[in-house]
Every structure is written in C-alpha cells, then in structure tokens.
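**Q** The structure's right below; bear with me while I get my questions together.
Please treat every number below as a calculation from the coordinates, not as lab data. All figures in this text were calculated on a predicted structure; none of them were measured in a lab. Positions of Cβ are backbone-derived with ideal geometry, glycine not excepted, and every protein chain shown enters the neighbour counts.
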Amino acid sequence: MDTKQQALFIIFGGTGDLAKRKLYPSLFELYKKGFLRDNFAVIGTARRPWTDEYFQEVVREAVTAEHESEEDVANFAQHFYYQSHNVNDTEHYVTLRKLAQQLDQKYHIGGNRLFYLAMSPRFFGTIAKHLKSQHIVTDNGYNRLIIEKPFGHDLTSAKELNNAIGSYFTEKSVFRIDHYLGKEMIQNIAAVRFGNNLFRSLWNNRYIDNIQITLSEALGVEERAGYYETAGALRDMVQNHILQIVSLLTMNMPASYTESDIRREKLDALKALQVYTPEQVKNNFVRAQYTGTNELKGYRQEEKIADDSRTETFVAGKLFVNNENFAGVPIYIRTGKRLAKKTTRIDIVFKDIPKNIFGSAKLGKNILTIIVEPKGEIYLQMNVKQIGQDFGLQVQKMDLLQVKDNKVQIPEAYEKLILDALRGNATNFTHWEEVAYSWKFVDAIRSTWDQQQDSLAEYASGSMGPKVADDLLVRDGHKWVFTVNGEEN
Ligand code: NAP
C-alpha cells in the first residue's frame, strides 16, 4: 500500500472557517502519520492580503494542541504558502500557476494537484474554468477537484453547476465531499451488514419492521443564519447526509467492496426511492421551527432571520426504497436544530417473533442501534432469561462495539476523506448521479411545501421535535426508539 503522497494542494477559501477548523488539522494528522512528508506543499488562496509568514502562523495556531510537538508543527507549517487571489480575476491565476510550478519543483511533486474548493459554490464554475484555461492543471500528474456541499439548491441548479464543472473536469476527477461518508461509524454500516451472516441474512423486508434515522443537533442556527435561511433542514441535511445513509442501509450487497460496485448499488437504492406526489408529501413529511425559551431565542428571533421566515429547522418523514429487499419497510427520518441532544443514530427495528411461546411475558423488540455520534457504539437489543429460579424474560442490550480504550484514536472524517482523495479512491464521495437522484426526491417535497400557505408547526427548544413527527410513527403502530428522555423499545 502506498504511504507517502506527493501532492500540491491549492485551497480556495484558505482563510475561511472550514480550512482552519477542518482542513489544516486533518492535513497535520496526515503529516504526523507520514502520509504527507517531504513531497507536499499547500497554497492557500483568498482575497485578503496575507503574507506567507502570517498564513503559516494561522496554520500553526489551527493545528496546535497541548500535546503536539512544536517541531512537528513548525516543520509542517513551512509547507504552506499564501497567495492573495480573487477567483474572478484571470490575472491572479497567472501568478498562481507560477507559484504552483515553483513549489512543484521545490518539493519534487511530479505534477499531482488537488484543488480544494472551500468556498461558496457560486464560484466553482469560474474556478474550474480558470484552472483549465490558465494551465494550472498539469499534464504530468493527476488533477483532482474536491468540492464542498451544498451541490446546488435543487436539481436544476445542481445540473447547471455540474455542467459548469464538467466542461473542465471529468467525473472521475471530481470528489464531492459528504463528510458523513468519512465517519467511522457510517463506514461501519457496510462492515456490519456484509461482514456478518447474521445480519446479511436478516437485512430485508421479511425481518426488518422499520428503520429510524435521527440526526439531531442541540445548537440553534448560530452563525450560519444567512446560509441556513436559504437552505432549511431538508436541503441542509436530508438531500445529502440522510439520503446517503439511506442508500448505505438499503443497497443490495455489492459484488465487491470497491468503488464501482458500491456506487452502482448505492445508486440503484437511490433510484428506487419513492418520489412523492404532493398528496403523499402532505401525508409523509412534516416540518417545523424551534421556539425560544427564557434564555434562548426562537428561530424567527435569531439574528439575520426574517421574523416571518418559513424556513424549517426540523424535518421528519417516512420514505420508502422500493427495491426487492426493502419495498414496504418504512424508513423514518428526522433532523433538526435545538433538539434535546446532539446525536446521529440509526435504529433497525426487527419484526416481532411470529409466535410468543412464553404466555403472558411480553417480548421486547430486537433492535440494532448504530450510534455515529457523539461516540461510536453498536447495540443489539435482545430478550434473555431473567436470572433466578423462576422463568422470566428481560430485555438486554448487548454492547457490540464500544471503543473503551481511550488511546484508540478515531481519525476525523476529513482526514480520512483527504487521504482517499490523495489515493484517488472515490468510494466515500458522492457521484453526480447520486446527487441528481437525491435532488429529485427532495425537490418533490420542497415544491409541495413552497405551495402550501398553512402555518408552520413549532417545537420547543430542547424537545425532540413537534408532536406531528411522533404521529408519523404512531399511526403506523410504531414509535421512535430514541426519545427525549432516553430510550424505549
Ligand atoms: P467562509 O468562512 O465564509 O470562507 C469563505 C472563503 O472564501 C474565505 O476564505 C474568503 O476569504 C474566500 N472568498 C470569498 N470570496 C472570494 C473571492 N471572490 N475570491 C477568493 N476568495 C474568496 O466559509 P466556510 O465556512 O469556510 O465554508 C466554505 C464552503 O464549505 C462553503 O461552501 C460551505 O457551505 C462549505 N461547508 C463549510 C462547513 C464548515 O464547517 N465551515 C461545513 C460543510 C460545508 P476572503 O474573504 O479573504 O476572500
């Protein structure tokens, strides 16, 4: 397996929040682990007129933690260069090309380039065009474009964006980040499903009763108000992260654990998503906004939010993937801000046993729970005998995985994804067709909502959403496994 990578990173938006909070620390981890060593350099670009020295200072600050070696931090930061650059100014790309060539020679990089677009998607087209026309893409190495969400705000705009990029970069060289795909426990879905005959055999509509996916945040809209007001929970979380999780849970078993086989199966699952009619949207999807408390502002009272805003901060829904294995299995999803607890979890609820031979003893449900955040856990809920002379039953949760050893360091999603991009492995990035099918599903909901004039439901900050989200399950004889007070079965 390759270890040391040769690459020149050009980060557009090098002064931004994402670069400082995620990209520089992840690059540093790759540096410490030896994946990046002598043959790499990073050019940070943005409009503000920073010097290399100041930029390196920013990078040092971004990666310095208590236990870091000062020498490592200093050596790492020396690989960073800054160029003040307005992405709309063609002249700036000429300077950028020269700097890139110099660094390529200095660090013996061999023409490999990763262009990381850590800025607003409205600039992606012009950057891609200039990279090509100003010959910043090389002939002697690879040229990969890493781009951040959101990829469009509906199918039409996503197509426009894809065409703008696709005129200059092939699909194979475009790496669309969905950082959930870099999370350890999301990658564990395939391991659990396809690595255990127990689950492989049961993973279908004969045995699974329903699936529940919860992505809840405890914080409110915070400093992302401007963006959030134009997006809302549906576009911000469902179109990408939740539908990606749905595809991983419902895809058929790939022929092999390789990029092309996994992509094919994920795409087939997304194609099988039932796109709702307006009537079905009304029956199966709900949205709401958080209200305030004595200490916390309600959504409409937040800064930069219109006081008559109709942007949803919560969405819940029931969806169906109509492939052979999952047709008929309701998949309940919910996501929102200012909820009781920050967590990402998946609950797979299995069907009741056909015959209870234990008389009046109530059997609990078998539930496989995969907790992605705040820390990775997997539980299987089972019925076992109560210890004692008499025969009684009790429900127990088997702890299938818990990283109890604090020394085991789980790599951050961005670290894993950047290494994948360096290796040219796009398994954990979203292919254009996946993006397109996801928008098709989401657009049907959005357009129905946009035509509805009725008032938006509300939910109290610190709750798990509005009652209508619970009703979605109750009317099917189900209930959320994860509740505001903990869990129930
Ligand atoms: P940000 O902090 O606002 O950074 C934007 C960057 O773009 C800044 O470096 C800014 O620097 C630069 N910029 C703006 N206009 C420019 C221009 N005309 N020419 C050159 N540079 C320009 O945004 P961010 O939070 O880092 O987010 C970046 C992207 O990642 C967005 O698409 C966002 O949706 C996505 N994203 C962010 C996060 C996150 O955690 N932050 C998470 C997921 C996705 P100057 O002002 O100096 O030009």
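**Q** Starting from the 7 Å offset along Cα-to-Cβ, what nm value, one decimal, do you get for the label separation of S133 and T51?
**A** Calculated label separation equals 3.4 nm.
**Q** Let me ask another. Using modelled amide H (1.01 Å from N, peptide plane; none on Pro or chain starts), what sits under 5 Å from the amide H of R47, excluding residues fewer than 5 places away?
**A** Counting only residues 5 or more places away or on other chains, the set is H85.
**Q** What length, rounded to one decimal in nm, is gained on full extension from Y107 through to T64, with 0.36 nm per residue of separation minus their alpha-carbon distance?
**A** Working: separation 43, 0.36 × 43 = 15.48 nm, distance 2.40 nm.
Contour length minus the Cα-Cα distance gives 13.1 nm.
**Q** With θ set to phi - 60°, apply the Karplus curve 6.51 cos²θ - 1.76 cosθ + 1.60 along region 275-283 and write out the HN-Hα couplings as whole Hz, x wherever there is a Gly or Pro.
**A** Ordered by residue, 3J(HN,Hα) equals 7, 7, 6, x, 5, 5, 4, 4, 7 Hz.
**Q** Give me the one-decimal nm value for the distance between modelled label points at K4 and K341, 7 Å along each residue's Cα-to-Cβ direction.
**A** 4.7 nm
**Q** Right, another one. So which chymotrypsin sites (Phe, Trp or Tyr not before Pro) in region 261-370 end up in coil per DSSP with only 16 or fewer other C-beta atoms within 10 Å?
**A** Qualifying residues, ordered by number: F358.
**Q** Cross-link list K20/K129; K271/K337; K22/K397; K4/K98; K4/K159: which exceed 31 angstrom alpha carbon to alpha carbon?
**A** Correct reply: K22/K397; K4/K159.
**Q** I would also like to ask the following. May I ask for the distance between the Cα centers of region 436-457 and region 230-285, given as a whole number of Å?
**A** Going from one Cα centre to the other spans 16 Å.
**Q** Provide the net charge surrounding E373, with neighbours chosen by a C-beta distance below 9 Å and charges set as Lys +1, Arg +1, Asp -1, Glu -1. List each step's numbers first, then the result.
**A** Values: positive: K183, K342, R345, K375; negative: none.
So the surrounding residues net to +4.
**Q** Return the long-range amide H neighbours of L401 (sequence gap of 5 or more, or a different chain), with a cut-off of under 5 Å between placed amide H atoms.
**A** Correct list: I378.
**Q** Can you give the net charge of the other residues whose Cβ lies under 12 Å from the Cβ of D38, counting K and R as +1 and D and E as -1? It would help to have the intermediate numbers written out before the result.
**A** Working: positive: K4, R37, K106; negative: none.
Summing Lys/Arg as +1 and Asp/Glu as -1 gives +3.
**Q** Which of the residue pairs K149/K266; K297/K342; K132/K172; K297/K375 have a Cα-Cα distance greater than 21 Å in the structure shown?
**A** Numbers: K149/K266 19 Å; K297/K342 18 Å; K132/K172 16 Å; K297/K375 29 Å.
Going by Cα-Cα distance, K297/K375 fall outside the 21 Å limit.
**Q** Show the residues, 5+ positions off or on another chain, whose built amide H is closer than 5 Å to the amide H of L114.
**A** Amide H neighbours of L114: L8, F9, I10, R144.
**Q** In debye, nearest 20: dipole of region 140-217 around its Cα centre with unit charges on the Cβ of K, R (+) and D, E (-)? Don't skip to the end; give the middle numbers.
**A** Values: 9 positive and 8 negative charges, 71 e Å.
Value, rounded to 20: 340 debye.
**Q** What ³J(HN,Hα) values, in whole Hz, does the Karplus curve 6.51 cos²θ - 1.76 cosθ + 1.60 give for region 415-424 when θ = phi - 60°, with x put for Gly and Pro?
**A** 4, 5, 5, 5, 5, 4, 5, 4, 8, x
**Q** Just how large is the dipole of the chain about the Cα centre, in debye to the nearest 20, putting +1 at every Lys and Arg Cβ and -1 at every Asp and Glu Cβ? Mind showing how you got there, number by number?
**A** Details: 61 positive and 62 negative charges, 191 e Å.
Result for the chain is approximately 920 debye, rounded to the nearest 20.
**Q** Using the Kirkwood radius over C-alpha pairs as Rh, can you work out the diffusion coefficient of region 205-308 via Stokes-Einstein at 25 °C, viscosity 0.890 mPa s, in µm² per second?
**A** Details: Rh = 16.8 Å.
The diffusion coefficient I find is 146 µm²/s.
**Q** Oh, and also: May I have the extent of the alpha carbons of the chain along their three principal axes, as whole Å values ordered from largest to smallest?
**A** Rounded to whole Å, the extents work out to 79, 54, 46 Å.
**Q** Which distance in nm do the two modelled labels at K385 and E458 give, with both placed 7 Å along the Cα-to-Cβ direction?
**A** In this crude spin-label approximation the distance works out to 5.5 nm.
**Q** Which length gain, in nm to one decimal place, applies between F358 and A306 when the Cα-Cα distance is subtracted from 0.36 nm times their residue separation? Please report the intermediate quantities before stating the final value.
**A** On the way: separation 52, 0.36 × 52 = 18.72 nm, distance 5.80 nm.
Here the segment from F358 to A306 would lengthen by 12.9 nm.
**Q** Separation of region 1-72 and region 327-397 by C-alpha centroid, Å?
**A** A separation of 43 Å, based on Cα centres.
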